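Trainee: Mind having a look at this structure? Questions to follow.
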Amino acid sequence: MAKMRIEGSFVALITPFNADGSVDFGGFRTLLDWHAANGTSAVLIMGSTGEVSMLAPEERREIVERTAAMKASGAANRMKFFYGCTGPSTAATIKYLQHAKAAGADGAILAAPAYICAPEDDIEAYFAECADAVDLPIGIYNNPPRVKSDLHWDHLLRLMKHPNIVVLKESTTRVGQVAQVCAAQPDATIMCCDSPNLGLVVPTMSLGGHGTANMTGNLDPAGMAALSTPWRRPEQSVVFRETYLRLLPLLHFTYSAINPVAVKSLMKAVGLPAGDLRRPLSGLKPDHLAKGVEIVRRLGLDARYGWRLPGALPLAAE
């Protein structure tokens, strides 16, 4: 059976909250329809951008069930819905995967369990055991900045032979790894984090990558869709270069604070359903946020998406 193929912009969605701190499911519906209308190919719900580590287990299950049901109607049925199913152990992760499959998820993204800093051989075995346990398309997230485990391309290429592993999201600091993976032409989608500081986007796309697994699409889904289109024609490289250089200030802004502080703060400022961050995280200081609002204004995103930008923001107290 052929593997699922996802190309283009794979957006790690925020989790919108109501004023009382509960999950805003109306906000989820609004965001999902907005992404579908602006070229997003797939969404990751409850990744690190979705504050998953601060969601209670019952909240995680409810989010899967209620958002998966949103595919049945509206524009969002054009996208793939993936869910962050990483648990603190292999057994816990498998339970999250089983629940996601039963609820109708299109797939799941897994990272190494946080905090334990396991050896790479153990993390490869973890991904393989999870993929064996549940017949669900899985993306593996090599995310050493967040979990301290950095799989070598030998590990990754072995894993991508598994029939249930369909996506690699790469966030290594070893840029040369991208070439090794692309040269092997594995039967899986190769994507990368959109952090401009890691510098993975340009080599990934130029060497045959299939898109970006990004968080900046929370603010400019159409721009990230253009940036994330595979290079099948020579002119796409020109579109990529122009788009990447134009969006570079926004990319740097979204990574100017720990994920998702900058993204969610700016989304709230422009009127998107976002809500506050879950404590102990807090929003950007006004002077920092003002820089993001000015970037939105310079890029014309307010006109493109019909946002009413806030006026001058008060400076933070000295």
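The values are calculated or read from the model by the stated rules, or taken from the named source; none is laboratory data. Owing to the predicted nature of the structure, the values given are computational and were not obtained by experimental measurement. Every residue, glycine among them, receives a Cβ derived from its backbone with ideal geometry; neighbour counts consider all protein chains shown. Quick note on the areas: whole protein, heavy atoms, side chains included, nothing else; ligands and nucleic acids left out. Shrake-Rupley method; radii C 1.70, N 1.55, O 1.52, S 1.80 Å.
Trainee: How would the stretch 54-123 be classified by its alpha-carbon gyration tensor: rounded, prolate or oblate, with rounded meaning a/c under 1.5 and the a/b versus b/c comparison settling the rest?
Mentor: Prolate, because a/c is 1.5 or more and a/b exceeds b/c.
Trainee: To the nearest 0.05, how large is the calculated FRET efficiency for E129 and R5 if R₀ is 25 Å and r is the Cβ-Cβ distance?
Mentor: Result of the calculation: an efficiency of 0.55.
Trainee: Then there's this: Subtract the Cα-Cα distance of D276 and T173 from 0.36 nm times their separation in residues, and report this length gain in nm to one decimal.
Mentor: Extra length from D276 to T173 when fully extended: 34.0 nm.
Trainee: If you compute semi-axes √(5λ) of the Cα gyration tensor in Å for the structure shown, which of [x] 29, 23, 19; [y] 34, 21, 18; [z] 44, 29, 16 do you land on?
Mentor: Among [x] 29, 23, 19; [y] 34, 21, 18; [z] 44, 29, 16, the one calculated here is [x].
Trainee: Given a Förster distance of 22 angstrom, what is the FRET efficiency for T30 paired with E58, based on the Cβ-Cβ distance and rounded to 0.05?
Mentor: Values: r = 23 Å, r/R0 = 1.06.
Once rounded, the FRET efficiency stands at 0.40.
Trainee: Where the only charges are on Cβ atoms (+1 Lys, Arg; -1 Asp, Glu), what is the dipole of the chain about its Cα centre, to the nearest 20 debye?
Mentor: Roughly 700 debye for the chain.
Trainee: Okay, moving on. Toward the positive end of the charge dipole of the chain, about the Cα centre and with charges on Cβ (Lys, Arg +1; Asp, Glu -1), which of F81, A179, A303 goes farthest?
Mentor: Looking along the dipole axis, the top candidate is A303.
Trainee: Place a +1 charge on the Cβ of each Lys and Arg in the stretch 49-128 and a -1 charge on the Cβ of each Asp and Glu, then give the dipole magnitude about the Cα centre in debye, rounded to the nearest 20.
Mentor: 500
Trainee: Here is a follow-up. Return the sequence-ordered ³J(HN,Hα) values of the stretch 276-293 in whole Hz as given by the Karplus equation 6.51 cos²θ - 1.76 cosθ + 1.60 applied to θ = phi - 60°, using x for Gly and Pro.
Mentor: Using θ = phi - 60°, the values come out as 7, 6, 7, 5, x, 5, 9, x, 5, 5, x, 5, 5, 4, 4, 5, x, 4 Hz.
Trainee: A follow-up question, please. Whole percent per 5 Å bin, from 0 to the bin with the longest distance: what is P(r) over all C-alpha pairs of the stretch 96-161?
Mentor: Per 5 Å bin, starting at zero, the Cα-Cα P(r) for the stretch 96-161 comes out as 3, 17, 30, 22, 17, 9, 2 percent.
Trainee: If r is the Cβ-Cβ distance from C117 to V239 and R0 is 45 Å, what FRET efficiency results, to the nearest 0.05?
Mentor: Efficiency at R0 = 45 Å is approximately 0.65.
Trainee: Can you send over the carbon and sulfur percentage of the accessible area for the stretch 8-231, probe radius 1.4 Å, protein chains only?
Mentor: On the stretch 8-231, the fraction of accessible area on carbon and sulfur atoms equals 53 percent.
Trainee: Hey, another quick one. Once you place label points 7 Å from the Cα toward the Cβ at A19 and K148, how far apart are they in nm?
Mentor: My value for the distance between the label points is 4.2 nm.
Trainee: By how many nm would the segment from R298 to A184 lengthen if fully extended, with 0.36 nm per residue of separation less the alpha-carbon distance?
Mentor: Using 0.36 nm per residue and subtracting the Cα-Cα distance, I get 37.0 nm.
Trainee: List the lysines whose Cα sits under 19 Å from the Cα of K161, skipping any in the same chain fewer than 8 residues away.
Mentor: K3, K169
Trainee: Additional query: As an exercise, identify the GluC sites (Glu not before Pro) in the stretch 108-183 lying in DSSP coil whose Cβ has no more than 16 other Cβ atoms within 10 Å.
Mentor: Working: sites: E120, E124, E129, E170; in loops: none.
Taking the stretch 108-183 and a limit of 16 other Cβ atoms within 10 Å, no loop GluC sites (Glu not before Pro) are found.
Trainee: Looking at the chain, send over the antiparallel percent of its DSSP beta bridges, to the nearest 5.
Mentor: Percent antiparallel among DSSP bridges in the chain is about 5.
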